[in-house]
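The values are calculated or read from the model by the stated rules, or taken from the named source; none is laboratory data. All of these numbers come straight from a predicted model, not from anything done at the bench. Don't worry about glycine lacking a Cβ; one is built from the backbone with ideal geometry, like all the others, and counts go over all protein chains shown.
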Amino acid sequence: MNRTIRVIGPKIKSQGKNIIRIPNRNRKPATAHNHENTPTSAKSAKGLVIVIPPTRATKRVHEADSEEDNMLVVHEERPPKRARKVVAFNSSNYEVSKRKTISTSTLQSTTAPNLPPIIPATPTPPCSYIGSFDVYAMDHQDLCQIYWPEGSTEAQYESLYHALRSESTTENLTARISLPTTPYGRKFGSALVPVLCDPVSERPYEIELTRISHVSQVFYRDHERECFVTRHNSDVSRAGKVPGVSGKTGVSASRAKEDGVLDSAGNFNLSCVWEKVDEDGRVMQVFEGYMSLRVRYSKDYREKGYGDGFDIGFAFWAIRTNDAG
């Protein structure tokens, strides 16, 4: 069976092959003389001659096809496209479908099993290291006995807190420090330590707390830790194991020359190690820390016989001042 493409033009048979002649419009019509002398062949035919050899059939066709054409022509027609159905927008239909969707979701939520409500855990607010603090050095033996009584297996922070709040302990006050509001930035704090004073005027130094910053864990040097060891609280103290604040200490530059100070430097650490809310809703807190200051005297003070200066450091407990709560 042959598979061809139908082309408009005269059809003839030549040597058992199907030939389609395509007229050539550029040539003049043949005369009777030319027609008689020109043999009927593929080369001398009028116009372009296409010879289509037989090919393998790809589809079966009934044998009752017309023998007039003496060739098989198969028409492959594509199925007509399905007409697109245009649906006009109807606002009422949209509202109905919208209500159905809402009602379905509502039904699903109401039919869900009753589960216990999930209560998020309330994070503990971080300690606020601002305001004024009363500082007590750990070399007071009476406070050490309250903090760690003989035969006790743990530190008695609550007893220590009430002892530091009592009026009888006021005479043991070592220093008072003040921290600025957060964020600290370049703000300065201050410390008043009566025993650290000008040897001539006996006026306490104006000590500044600078470069204050929050730290995730306060760092103590070995010689600073020894101060906690000699105060009987090294094994149980939480200082150095909890967050806090750190900073630098130094004599105020505005008073340094007047007080005969050539230069000064030191460190400051503070951590909240115990906290409890009393029956009245007030927060009780105990702080631990370390403070150091090194002062070098000016030439005039050295010539007057006051020496080169001093280097002092001490571990301490601290509570907020009464007016700070």
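General observations
- Residue list for the stretch 196-217, filter: outside any strand (DSSP E or B) and touching a residue at least 60 places away in the same chain (Cβ under 8 Å): LEU196, ASP198, PRO199, VAL200, TYR205
- Filter result for THR124 (at pLDDT below 95 and in the same structural domain as VAL277 (by TED's automatic domain parsing)): no
- With respect to being in a loop (DSSP other than H, G, I, E, B), at pLDDT below 95 and surrounded by 15 or more Cβ atoms within 10 Å (Cβ to Cβ), SER271 falls outside the description.
Each row is one residue, and each column tells you yes or no for (1) modelled with pLDDT of 95 or more; (2) assigned by TED's automatic domain parsing to the domain that holds SER298; (3) touching a helix residue (DSSP H, G or I) at 6+ places or on another chain (Cβ under 9 Å); (4) surrounded by fewer than 17 Cβ atoms within 10 Å (Cβ to Cβ).
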position	(1), (2), (3), (4)
TYR157	no, yes, yes, no
LEU160	no, yes, yes, no
SER168	no, yes, no, yes
LEU173	no, yes, no, yes
GLY185	no, yes, no, yes
SER190	yes, yes, no, yes
VAL195	no, yes, no, yes
SER201	no, yes, no, yes
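- Test: TYR301 is surrounded by 18 or more Cβ atoms within 10 Å (Cβ to Cβ) and farther than 24 Å from SER190 by Cα: yes
- Residues of the stretch 276-290 satisfying the condition of being touching a residue at least 40 places away in the same chain (Cβ under 8 Å) and surrounded by fewer than 12 Cβ atoms within 10 Å (Cβ to Cβ): ARG282
- Annotation: ILE319 fulfils all but one of (1) of a type outside the set (Lys, Arg); (2) surrounded by fewer than 20 Cβ atoms within 10 Å (Cβ to Cβ); (3) within 40 Å of the chain's Cα centre (by Cα); the unmet one is (2).
- Selection status of ARG231, at pLDDT below 90 and surrounded by 21 or more Cβ atoms within 10 Å (Cβ to Cβ): yes
- One residue alone among ASP263, ASP300, ASP259, ASP280 is assigned to a strand (DSSP E or B) and more than 23 Å from HIS140 (Cα to Cα), and that residue is ASP263.
- Lone qualifier among PRO116, PRO79 - being modelled with pLDDT under 90, outside the structural domain of GLU206 (by TED's automatic domain parsing) and under 42 Å from the mean Cα position of the chain (by Cα): PRO116
- Test: residue in the stretch 240-253 that is modelled with pLDDT under 95, surrounded by fewer than 19 Cβ atoms within 10 Å (Cβ to Cβ), assigned to a helix (DSSP H, G or I) and not aliphatic (A, V, I, L, M): no
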